[in-house]
Amino acid sequence: MATILARAATAAAVLALTLTGCGSQSSKEITVTYQKPPDKRNPAPDFTLKDADGKTVKLSDYKGKVVLLNFWATWCGPCKIEIPWFIEFQKTYKDRGFTVIGVSVDDEGWEIVKPYLASKQVNYPVVVSSESVNTMYGGIESLPTTFIIDKDGKIANTHIGLVSKKEYESDIEQLVR
């Protein structure tokens, strides 16, 4: 009996240490996905911001297209992983009623974003966010945060953190039909 209790205590201690260790790391590595059926989707908040060339980008102008709306920053490691995927998605799906819109949350604004976009050869519209846009989209507390918007301008999926390329492709394929 004493051996069983000792093993149980040891197992509980190992579990507690494991969960505590994961807890401190998991705050950086958590991925959350919210998917909504069509009848439960909310409209994506509209915004008007300028792109790198000073042209107006208004989200509502993309109604009728599937939009991958990605909040990111130049210093964000997971964002750097996703951007090449988004460049590929833009090439692959643009003729099927799809676009990516990047929303940089870099505090330095275009000063740091323009050179980054040029170095990565980003082929989709990118804007620099404002505090009001961040607030409309729930505060954007983690990066990357990506909203998949359906052709009706409603949020179909929300991804917080890095998700797989395959998951994004699945989201896009379901909506561009």
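The values are calculated or read from the model by the stated rules, or taken from the named source; none is laboratory data. Since the structure is predicted, the reported quantities are computational estimates derived from the model, not experimental observations. Every residue, glycine as well, gets a Cβ built from its backbone with ideal geometry; the counts of neighbours run over all protein chains shown.
More than 21 Å from PRO43 (Cα to Cα) and of a type in the set (S, T, N, Q), is that true of THR99? It is false that THR99 is more than 21 Å from PRO43 (Cα to Cα) and of a type in the set (S, T, N, Q). Of all the listed residues (GLU131, GLU82), the sole one being among the acidic types (Asp, Glu) and touching a residue at least 40 places away in the same chain (Cβ under 8 Å) is GLU82.
In the set (1) closer than 20 Å to TYR168 by Cα; (2) within 13 Å of the chain's Cα centre (by Cα); (3) touching a residue at least 24 places away in the same chain (Cβ under 8 Å); (4) surrounded by 15 or more Cβ atoms within 10 Å (Cβ to Cβ), the condition left unmet by VAL105 is number (1).
Given the criteria closer than 25 Å to GLY64 by Cβ, in contact (Cβ under 8 Å) with a residue 24 or more places away in the chain, buried (at least 19 other Cβ atoms within 10 Å of the Cβ) and touching a Pro at 6+ places or on another chain (Cβ under 7 Å), does ILE149 qualify? No: the conditions fail for ILE149. Screening region 1-85 for strands (runs of 3 or more DSSP E) wholly inside it with 3 or more residues that are closer than 23 Å to VAL176 by Cβ and modelled with pLDDT of 50 or more returns the ranges 32-35, 66-72.
THR92 falls short on exactly one of the conditions (1) among the polar types (S, T, N, Q); (2) closer than 16 Å to ILE172 by Cα; (3) buried (at least 16 other Cβ atoms within 10 Å of the Cβ), and that condition is (3). Screening region 115-135 for residues that are over 22 Å from PHE98 (Cβ atoms) and surrounded by 15 or more Cβ atoms within 10 Å (Cβ to Cβ) and picking the one that is nearest to the chain's Cα centre (by Cα) gives ASN134.
Close contacts from region 38-50, counting a first residue that is assigned by TED's automatic domain parsing to the domain that holds ASN157 and closer than 12 Å to LEU69 by Cβ and a second that is of a type in the set (S, T, N, Q) and loosely packed, with under 13 Cβ neighbours inside 10 Å, with Cβ to Cβ under 9 Å and a gap of 6+ residues or different chains, come to ALA44/SER60; ASP46/SER60; PHE47/SER60; PHE47/SER132; LEU49/THR56.
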